[in-house]
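Below: one structure, written as structure tokens.
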Amino acid sequence: MPAPPNRPVPQRTDPLDLPLKTALVRLNNGISPASVAMAHVDWLTHLSVLPSKQTALAASAWLKTAAWLNYVVRSSCQPDAPHCVEAPPDDKRFSHAEWQLPPFSTIAQAFLLTQQWWREASTGVRGVSRHHEEVAAFTVRQWLDMLSPSNSPLLNPQVLHETARKCGVNFVHGFANWWRDAIAVAAGGRPRGVEAFRPGEAVALTPGKVVHRNAMVELIQYAPATDKVRKEPVLIVPSWIMKYYILDLTPDDSLVKYLVGQGHTVFIASWRNPGAADREIGLDDYLELGVLDTVAAVQRLCPDTTIHAAGYCLGGTLLAMGAAVLGARKVHALKTVTIIAGQVDFQEPGELGLFMDESQVAFLEDLMAESGYLDGRRMAGAFQLINSKDLVWSKLLHEYLMGAETPMTALRAWNADATRMPARMHSEYLRRLYLENQLADGEYRFRGVPINLRAIRVPMFVLGTERDHVSPWPSVFKVLRLAHAPTRFVLTAGGHNVGVVNPPEGPAANPKASYRWAEHPVDEAPADPQAWYDAAQQERGSWWTCWNEWLHRHGSGNVPARAVPDVRFHGKVVPAPGTFVFQE
């Protein structure tokens, strides 16, 4: 496909550069040192020529020092003296009662004041580009998270108490935990305990069969659980950077099982895990085989009806592209479109945007040039960096210093079941969607024809999650102004995964679950996400029931339950969860 006008075609990786670039990628966990260095040079250069900012920072340092010394004096006489600074609401590192008593409270207060000062220093520097400011602030935050007193066995009162109680045995257990993890990482293995959550045995248990297969996906149809089913089937397209069974975990928290129990005929796409031979598979191939071909397959299996199509994460992005293609072609295959925590406008992609600039993308392209793909563990590493307090340093405290073991869960085991991305597809995805935002701008071409999201004219259900580090809900919200469709937007509590896997009842249900929602006619959604938030109706419970009610309202009644056909592949019927899900 030719590059859009005025956009240079990216240069191919020179083989001479590969050994050095590959070594750097592995040393820096996939983060471009040039990108980080440029951000800090931009920040420091502009800070060095701003005496006003320097003076403000010096004054802030003196005020914070004075406030801390005052607190030290007050807390020595009154242990429960009011703090001079409070931790952010999402920072639970110093919430334990032992951190509230001196000298540990004074240590925590000093750290929080230091953290506050560095936030002031790394932001608001006139002349620094927004992206460089975000990268500099993020890097500073990573260093501070690493140096937090909560990570020190000598400064953390919880660790000291546990060490005294167990006579140091906690460190023995912690070293054993670290050693097992180190061996697993060195051997390229998976975390301990995941073997207990093998698909088809402990997860992905909803009965069904593979009814269609192409070069990239297996299409699974699930057996009905009711005598009557809704006329329109539900087709789910998950993200290709994850195994599909996050939506069919255990029977207690399976969205697939819930939908089947509510009388829906459910299909789901299970992506093949590509390898080096698939390096030239592109984003257009994913759209063709993952959406358009599966829609056609469902139409053949359920003739004389249209489809409720849903896409999760990148699957939602891909589904929106496919729905626009079908709309432009006047193919009336879809009854509705549901986008679950997926973006179509990447101008404000949240903290993942920290890893999206020309230097970073070129760095990843050099890595993929050698292997032909990007290992999903690189993506997992980026997600861990974004939320390092909870995903990295809390593990160090809990497992390595306290000597405890975090029990493996179905969700954690799924998270460790990483997939790969073909080099060409991932490069196109990063460049054309993230860097150039071609989809939102109407410049993305599929098989040479521009995709216009205004061609989506069927009702839409769009879900965002409040604490989403992958697809921030204000970014997800933008599809309401890009598609030409009546929309129900729902914002659920939780994050990208936990907020989505949110059963309404049973042992896995969250009693504190809640969501906000509002309906909007075509082009009448507010432009400002905050204005939407302030006006939206709040409900208690799971968003699943909200979606199910919406699907029923946009359906055409019931029909007799559809039996799952016996489709043979190499002479055999393949039961769910299929074969692609087992590819490593």
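The values are calculated or read from the model by the stated rules, or taken from the named source; none is laboratory data. Everything quoted here is computed from the prediction, not taken from an experiment. All Cβ positions, glycine included, derive from the backbone under ideal geometry; neighbour counts span all protein chains shown. The area values use the complete protein model at the heavy-atom level, side chains included, leaving out ligands, DNA and RNA. Shrake-Rupley method; radii C 1.70, N 1.55, O 1.52, S 1.80 Å.
For the stretch 184-233, taking the reciprocal of the average inverse distance between every pair of different Cα atoms yields a Kirkwood hydrodynamic radius of 14.3 Å.
Determine the gain in length on full extension of the stretch E351-A164; use 0.36 nm per residue of separation and subtract their C-alpha separation, reporting nm with one decimal.
Net length gain for the segment: 63.3 nm.
As a rough guide to protection, the peptides 414-420, 253-259 ranked by mean Cβ packing within 10 Å, highest first, stand as 253-259, 414-420.
Estimated purely from DSSP H runs of n ≥ 4, each contributing -39500 (n - 2.57), the mean residue ellipticity at 222 nm for the chain is -11500 deg cm²/dmol once divided by its residues. Multiplying the residue separation of A97 and Q78 by 0.36 nm and removing their Cα-Cα distance gives an extension gain of 5.3 nm. A simple packing score, the average count of other Cβ atoms within 10 Å per residue, orders the peptides 554-564, 278-288 as 278-288, 554-564, with the highest score first. Give the angle, between 0 and 90 degrees and rounded to the nearest 10, that separates the Cα long axis of helix 169-186 from the longest principal axis of the Cα atoms of the chain. Tilt of helix 169-186: around 50 degrees. Rounded to the nearest 5, what % of DSSP beta bridges with both residues in the stretch 129-288 are antiparallel? Counting DSSP beta bridges with both partners in the stretch 129-288, the antiparallel share is about 70 percent. Per residue, the convex hull spanned by the Cα atoms of the stretch 76-194 measures out at 162 cubic angstrom. DSSP beta bridges in the chain, what fraction antiparallel, as a percent rounded to 5? The antiparallel proportion sits near 55 percent. For the peptides 462-474, 82-94, the ranking by mean Cβ contacts within 10 Å, running from highest to lowest, is 462-474, 82-94. Rolling a 1.4 Å probe across all protein chains gives E428 an accessible area of roughly 30 Å². Considering the stretch 430-584 at the alpha-carbon level, its Rg and Dmax are found to be 19.2, 57 Å.
The eigenvalues of the Cα gyration tensor, multiplied by 5 and square-rooted, give the stretch 439-478 an equivalent ellipsoid with semi-axes of 25, 14, 7 Å from largest to smallest. With all protein chains kept in place, the per residue accessible area of the chain amounts to 45 square angstrom at a probe of 1.4 angstrom. Placing T294, T114, T163 in order of accessible area, with the largest value first and a 1.4 Å probe, yields T114, T163, T294. Can you give the FRET efficiency to the nearest 0.05 for N214 and W179, using r as the Cβ-Cβ distance and R₀ = 56 Å? Rounded to the nearest 0.05, the efficiency is 0.80. Cα convex hull, the stretch 253-364: 156 Å³ per residue, rounded to a whole number. The alpha carbon convex hull volume per residue for the stretch 484-560 rounds to 130 Å³. Give K257/K335; K64/K92; K243/K572; K395/K478 a once-over and call out the pairs whose C-alpha atoms are over 32 Å from each other. Flagged as over cut-off: K395/K478. The charge dipole of the stretch 227-320, taken about its Cα centre with unit charges on the Cβ atoms of Lys, Arg (+1), Asp and Glu (-1) only, comes to about 240 debye. The Rg/Rh ratio of the chain, with Rg taken over Cα atoms and Rh as the Kirkwood radius over Cα pairs, comes to 0.98. Ignoring ligands, DNA and RNA, what percent of the accessible area of the stretch 201-281 is carbon or sulfur (1.4 Å)? That share works out to 50 percent. Note that the stretch 534-584 carries a Kirkwood radius of 15.7 Å, evaluated over its alpha carbons pair by pair.
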